[in-house]
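Novice: Here's a structure for you.
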Amino acid sequence: MNTVNFNVDGQDISAKKGMTVMEACEEHGITIPKLCQHEALENVMACRLCSVEVNGKQILPSCGLQVDDGLKIQTQTDHLKKYRRKILELIYRSENHYCMFCESDGDCELQDLMYEHEIDRFEFPRMYPEWPVDSSHDYIIKDSNRCIRCGRCVRACDEVVGNHTLSLGGRGINNRIIVDAGVPLGESTCTSCGMCLQVCPTGAIFSKLSMFKGVKKECDMTTTTCLSCSMGCGTNVYTKTGHIVEIEGADIHKESGGQLCEFGRFKPLANKGERIKNVILREDGEEKELSLSEGLEKASEMLVKSYRISAYASGDLTCEDLDAFAYAMRAHGALFDVVGAKRHRFETEVKRRINMIEGHFVTDIREIMKADNILLYDTSIYHTHPILASYIRRATSNGTKLITIDAYEDKFWNHSDKSITIESPKTQLTRLVNQVIKEGKASIEDLSRVSSILGGLRVHPKDVMEIVNLLEEATYDIIIIGDEIIDRWSLRHIFELAKLEGSYVISLNHAGNQYIKNLETEGVYEEPEVAYILAGDEEDQADMKELIEKADFSIVQSARRSELTEMADLVIPSLTMFEREGTTIDINGVKNKVERITEPKGGIRSEIGFFEELAKMR
């Protein structure tokens, strides 16, 4: 039987075998107090607040007690209420919990439980410890004076993020959350994902960017999809009076544990760049402001009289935005391209040449957790795709072997089993691995034409054989190709290796929206008469700047002033990520909804409408 039947507070209920009593009660709307338990984390039975009476005899923590046939559970006896009051008093007296001065006042689980249990006086004297507040991090403040040592942040950093930055140190009343070997958070290995502050039940860890902006319970909450990279993370965005208060991960029940990265949680709030509210025209050494309609006419004028037009869009826009921009630009005869599309075109060409089928590609990044080996080309994904990097870290903690190949330092140095730092000969390295496997040789020296292969080669034979042996011994390999691998020959040899070994591939590019794989793109003119760049929130794309420098006349459509907009001849207002609405496609090929969070504050309400008008003026 997969279902068990038991009784809670006189009510007969059923639950799936293997569930805890707490999980079963929550499923049936029965609330049990808790502080250390969190749905994204493993249960540790630390706070004991969730304890229940079992069969009238024992008091056991419900978060660690599995359901069983015939159990009789009591959750709200007088004895349990006194027991919980004592626990809460002891927790509260141990630290400096002054709610009226705390950033989490109104959003604190400890405060809620104190009110629920009607605690307004204490049997035990207060301790008044004085712990230093750590504000060294760019986004996060850690205040040990509010910490109840539930361990949620430590477990989140370990289990969800796989980074192991936080731990518990000290004994007795000196037990505290420490960072790495006792360094400030701002000098630590912290990845700035913010998962610790999302799971913290008190005001011990909180965001500098959200503090005192509003109580989340009093905010409007909208669930949307982050456009910053191709992971397609769900976000809960809290707003009050039209302003964003805080951003949290939405997928708390999924494998990601509700994790976000710096780009999804903090960067949108930290971006204080000046919004562009009017069209800006620079000509004859002067700068003047135009209305949106005048800007539309000027853009149309320049496009109509030009023959070599390059249109280039950010890859972090919605599908609908990209379609509208492509339609308008093609109506004016422009060559159209998107950030990340060049890499995809190279991949498509290589796959066609070697007859590689789509079955070799991972369709769910959670498969990383099941791999025997991971062969990673380009470790910069540690920063460009932090959520995927967290899956790799977690996989290595569970025994997956990681081999990294990078031109510079290995960003996964403390997780890699083998780290190969090599510059341009990545192609040669992979080609040698392929040839050893194809010929079934025991060493490089046994290869045919070995002298011509090794001539001038900067690849160590031992590195080649280690990769060969790991791939040959494993049953499930995943090859991850970072977005900095952009040359055809490297891609070809990597794909050939995957095909040869039956390995699965995760291939990354710079675009957040993988809809670029459905668009027809052809690259751009190297020296166009007009360059039209739809930047959105993009600010520092080197290829965008290069295109502007080579164009006779440049148009940049951007949400904020930046170095990019200062280079342009015509600047048109754009929307931010949270002002857009539509859809986006993630790395797994899933289409996700993008909701408008705030009303447009720049000089344009709809880019789609703008491009529709521009297309008519050809």
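The values are calculated or read from the model by the stated rules, or taken from the named source; none is laboratory data. Model, not experiment: these values are computed from the prediction. Here the Cβ positions follow ideal geometry from the backbone for every residue, glycine too, while neighbour counts run over all protein chains shown. Accessible surface areas use protein heavy atoms only, side chains included; no ligands, DNA or RNA. Shrake-Rupley method; radii C 1.70, N 1.55, O 1.52, S 1.80 Å.
Novice: Here are some residues: D284, D337. Which one is under 30 Å from R488 (Cβ atoms) and either out of contact with any helix residue (DSSP H, G or I) (no Cβ under 6 Å at 6 or more places or on another chain) or in the same structural domain as D138 (by TED's automatic domain parsing) (or both)?
Specialist: Checking each option against the conditions leaves just D337.
For (1) of a type in the set (A, V, I, L, M, F, W, C); (2) closer than 30 Å to K272 by Cα; (3) open to solvent by 20 Å² or more (accessible area, probe 1.4 Å), each residue gets a yes or a no:
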| residue | (1), (2), (3) |
| --- | --- |
| S503 | no, no, no |
| A511 | yes, yes, no |
| E522 | no, no, yes |
| M544 | yes, yes, no |
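Novice: Does S574 fit the bill of being under 23 Å from V304 (Cβ atoms) and in the same structural domain as D284 (by TED's automatic domain parsing)?
Specialist: yes
Novice: I need a count of the residues in region 381-400 that are outside any helix (DSSP H, G or I) and surrounded by fewer than 20 Cβ atoms within 10 Å (Cβ to Cβ).
Specialist: Of the residues in region 381-400, the ones outside any helix (DSSP H, G or I) are 385, 398-400.
Restricting the remaining residues to those that are surrounded by fewer than 20 Cβ atoms within 10 Å (Cβ to Cβ) gives 398-399.
Counting residues in region 381-400 that are outside any helix (DSSP H, G or I) and surrounded by fewer than 20 Cβ atoms within 10 Å (Cβ to Cβ) gives 2.
Novice: Out of all the residues in region 138-151, is one or more modelled with pLDDT of 95 or more and surrounded by fewer than 18 Cβ atoms within 10 Å (Cβ to Cβ)?
Specialist: Yes, because at least one residue in region 138-151 is modelled with pLDDT of 95 or more and surrounded by fewer than 18 Cβ atoms within 10 Å (Cβ to Cβ).
Novice: Restricting attention to region 194-241, and to residues there that are β-branched (V, I, T) and open to solvent by 20 Å² or more (accessible area, probe 1.4 Å), which single residue is farthest from A341 (Cα to Cα)? I'd like the intermediate steps shown before the answer.
Specialist: Taking region 194-241 and keeping what is β-branched (V, I, T), we get 199, 202, 205, 215, 222-225, 235, 237, 239, 241.
This time we only want the ones that are open to solvent by 20 Å² or more (accessible area, probe 1.4 Å), so: 215, 222-223, 241.
Working: V215: 42, T222: 31, T223: 28, T241: 38 Å.
The qualifying residue farthest from A341 (Cα to Cα) is V215.
Novice: I would also like to ask the following. What are the pairs, 6+ residues apart or on separate chains, where a residue within region 341-357 that is aromatic (F, W, Y) has its Cβ under 8 Å from a residue that is outside any loop (DSSP other than H, G, I, E, B) and surrounded by fewer than 19 Cβ atoms within 10 Å (Cβ to Cβ)?
Specialist: F346/R488
Novice: What number of residues in region 334-380 are of a type in the set (A, V, I, L, M, F, W, C), surrounded by fewer than 20 Cβ atoms within 10 Å (Cβ to Cβ) and at pLDDT below 95?
Specialist: Of the residues in that region, 8 qualify.
Novice: Let me ask you something else. Show me the helices (runs of 4 or more DSSP H) entirely contained within region 183-295 in which 1 or more residues are touching a strand residue (DSSP E or B) at 6+ places or on another chain (Cβ under 6 Å).
Specialist: Hits in region 183-295: 195-199, 262-265.
Novice: Still on this structure, I have one more. For the condition closer than 22 Å to I119 by Cβ, open to solvent by 20 Å² or more (accessible area, probe 1.4 Å) and assigned to a loop (DSSP other than H, G, I, E, B), what is the one hit in R85, R48?
Specialist: R48
Novice: A further question follows. For residues that are among the acidic types (D, E) and not in a helix (DSSP H, G or I), scanning just region 484-518, find the one that is nearest to G315 (Cα to Cα).
Specialist: E484
Novice: Evaluate region 467-477: report whether one residue or more is open to solvent by less than 40 Å² (accessible area, probe 1.4 Å), closer than 19 Å to S490 by Cβ, outside any helix (DSSP H, G or I) and modelled with pLDDT of 75 or more.
Specialist: yes
Novice: Run G29 past the list (1) small (G, A, S); (2) over 27 Å from K216 (Cβ atoms); (3) surrounded by fewer than 18 Cβ atoms within 10 Å (Cβ to Cβ) and report the number of the one that doesn't hold.
Specialist: Evaluating G29 over (1) small (G, A, S); (2) over 27 Å from K216 (Cβ atoms); (3) surrounded by fewer than 18 Cβ atoms within 10 Å (Cβ to Cβ) leaves (2) as the failure.
Novice: Exactly one condition in (1) modelled with pLDDT of 95 or more; (2) open to solvent by less than 70 Å² (accessible area, probe 1.4 Å); (3) not hydroxyl-bearing (S, T, Y) is not met by P268; state its number.
Specialist: So P268 meets the others, but not (1).
Novice: Return a yes/no flag: does region 153-161 have any residue that is in a helix (DSSP H, G or I), closer than 17 Å to Y92 by Cβ and open to solvent by 20 Å² or more (accessible area, probe 1.4 Å).
Specialist: No - not one qualifying residue is present in region 153-161.
Novice: Scan region 88-112 for residues that are under 18 Å from F212 (Cβ atoms), part of a helix (DSSP H, G or I) and open to solvent by 30 Å² or more (accessible area, probe 1.4 Å) and report the count.
Specialist: The qualifying residues number 3.
Novice: So, one more: Suppose we filter region 166-187 for residues that are more than 19 Å from A156 (Cβ to Cβ), of a type outside the set (G, A, S) and at pLDDT below 95; how many remain?
Specialist: Number of matching residues: 3.
Novice: Residue check: is P184 open to solvent by less than 60 Å² (accessible area, probe 1.4 Å) and within 27 Å of the chain's Cα centre (by Cα)?
Specialist: Working: open to solvent by less than 60 Å² (accessible area, probe 1.4 Å): yes; within 27 Å of the chain's Cα centre (by Cα): yes.
Taking the combined requirement at face value, the residue satisfies it.
Novice: Looking only at region 299-333, count every residue that is open to solvent by less than 10 Å² (accessible area, probe 1.4 Å), of a type in the set (A, V, I, L, M) and not in a loop (DSSP other than H, G, I, E, B) and tell me the total.
Specialist: Matching residues across region 299-333 total 9.
Novice: Filter region 247-265 for residues that are in contact (Cβ under 8 Å) with a residue 24 or more places away in the chain and open to solvent by 40 Å² or more (accessible area, probe 1.4 Å) and give the result.
Specialist: Hits for region 247-265 are H253, E255, E262, F263.
Novice: Could you grab me the full set of residues in region 67-82 that are touching a strand residue (DSSP E or B) at 6+ places or on another chain (Cβ under 9 Å), open to solvent by 80 Å² or more (accessible area, probe 1.4 Å) and either of a type in the set (D, E, K, R) or modelled with pLDDT of 95 or more (or both)?
Specialist: D68, D69, K72
Novice: Just to be sure before I move on: is S503 modelled with pLDDT of 85 or more, in the same structural domain as H332 (by TED's automatic domain parsing) and polar (S, T, N, Q) in the structure I sent? Steps first, answer last, please.
Specialist: Values: modelled with pLDDT of 85 or more: yes; in the same structural domain as H332 (by TED's automatic domain parsing): no; polar (S, T, N, Q): yes.
So S503 fails the test.
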